[in-house]
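Engineer: If you scroll down you'll find the structure; I have some questions about it.
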C-alpha cells in the first residue's frame, strides 16, 4: 500500500462487549472495496466466485473454499474478480476469543492466526478444503435462516445474522470455533516471538476509543495523555500498527463517516461536515477532494448512481 493512499477506517462494525461477533453472507458483483481497516478481526470463506485480497504483505486470489484472515487495524482491500461472488464473513472483537493455550491442545492459541504476518496465516489446503466448505455451508444456512438483508449503494447484498441471543447464537459460535480448529490442524504456527505485539494495541486502545466515541477533532497531545505516553511515542506506535500517524487515523475515520452520511442522508454537505467536527466547510471540501478526488456533492451523486 502506498503511504499516500486513503484508508477507510471502520469503528467496531456494530460490535459491543455484549455482542462481540457479527456474521454475514455476502453476495457481490465486481467491486473494489478500496483500502480500509477496522479494530475487529476478520475471517472469511469464499463459497462461489473469486476475489483478490490484498494487504501490506501482498495480494492473493481466493476461489471456492479459500479463506482470508485480517488482523487488528490492518489495512487491506478486496476486489471481486468474478461476475458474482458469494462468501461468508465473520468479524469479532479480539476480546471475544480466548488467547490462552487449551489444556487438551497446548499448542493451539486461537488468536495466533490473526497475529502473525499475513503471509504466515493459515490457508485452505487440499487436505482441508472439503471440511472448510462443509463448515462454511452450515454457517451460511444458519445465517440465512436467521438474518436481516442489507443492500449497499455499490451493489453488495448481505444477510446479517440476528439470532445471537438464542440457542442459534451458540450454534454459530460453535461452528466458528470448528472452522478455526480445521484451519489450525494443518497450519504450522510461527514462533510466538514473530507475532505482532498485542501489547501495543492495549497501550493505544484509549486513543482508539477516543476516536471512535467522538465526532470532534482530537488533538494528538490529548490522546497521548489518555495513553500515558508522549505524542512522539503515540505516533510511533500508531505508525507501527496502522502505517499512519494518530492525526491521520482520526481524520480518515471522521471523513469516512461523513461519506456514509452523504450517501444515507439528504442533509446539506455543510450540516454533515459540522456533525463530524469540520467547522470550516471549505477546509472539509479541500480535504475531501484530496482523499476522494472530487467534491462531496459529486461523490454523493456517484455513489447514489445519479451522476
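The values are calculated or read from the model by the stated rules, or taken from the named source; none is laboratory data. This one's a predicted model, so the numbers in the text were calculated from it and none came from an experiment. Heads up, the Cβs are rebuilt from the backbone with ideal geometry, glycines too, and the neighbour counts pull from every protein chain shown.
Engineer: Could you check region 144-160 and list, in sequence order, the residues that are surrounded by 15 or more Cβ atoms within 10 Å (Cβ to Cβ), more than 19 Å from the chain's Cα centre (by Cα) and either free of Cβ contacts under 8 Å to residues at least 12 places away in the same chain or not in a loop (DSSP other than H, G, I, E, B) (or both)?
Structural biologist: 147, the sole residue that qualifies.
Engineer: Looking at the structure I just gave you, is residue 273 without any contact (Cβ under 8 Å) to a residue 24 or more places away in the chain and buried (at least 19 other Cβ atoms within 10 Å of the Cβ)? If you could, list the steps in order and put the result at the bottom.
Structural biologist: Values: without any contact (Cβ under 8 Å) to a residue 24 or more places away in the chain: yes; buried (at least 19 other Cβ atoms within 10 Å of the Cβ): yes.
Yes, satisfied.
Engineer: On the given criteria, is residue 286 within 19 Å of residue 36 (Cα to Cα), assigned to a helix (DSSP H, G or I) and at pLDDT 85 or above?
Structural biologist: So residue 286 fails the test.
Engineer: When you go through (1) at pLDDT 85 or above; (2) part of a loop (DSSP other than H, G, I, E, B) one by one for residue 188, which number turns out not to apply?
Structural biologist: So the condition that residue 188 fails would be (1).
Engineer: Residue pairs, Cβ under 7 Å, 6 or more apart or interchain, first in region 107-135 and at negative phi, second in a loop (DSSP other than H, G, I, E, B) and at pLDDT 95 or above. List them.
Structural biologist: Cβ pairs passing all conditions: 124/65; 124/66; 129/65; 132/65; 132/124; 133/65.
Engineer: I want to confirm something. Restricting to region 115-136 and keeping residues that are outside any loop (DSSP other than H, G, I, E, B) and exposed (fewer than 13 other Cβ atoms within 10 Å of the Cβ), which single residue is modelled with the highest pLDDT?
Structural biologist: 130
Engineer: Right, next: Just checking, does region 181-189 include any residue being outside the structural domain of residue 44 (by TED's automatic domain parsing), touching a residue at least 12 places away in the same chain (Cβ under 8 Å) and either touching a helix residue (DSSP H, G or I) at 6+ places or on another chain (Cβ under 9 Å) or closer than 30 Å to residue 68 by Cα (or both)?
Structural biologist: No: zero hits.
Engineer: Among the residues of region 7-20, are any assigned by TED's automatic domain parsing to the domain that holds residue 146, outside any loop (DSSP other than H, G, I, E, B) and either more than 14 Å from the chain's Cα centre (by Cα) or at pLDDT 95 or above (or both)?
Structural biologist: Scanning region 7-20, I find no residue that is assigned by TED's automatic domain parsing to the domain that holds residue 146, outside any loop (DSSP other than H, G, I, E, B) and either more than 14 Å from the chain's Cα centre (by Cα) or at pLDDT 95 or above (or both), so the answer is no.
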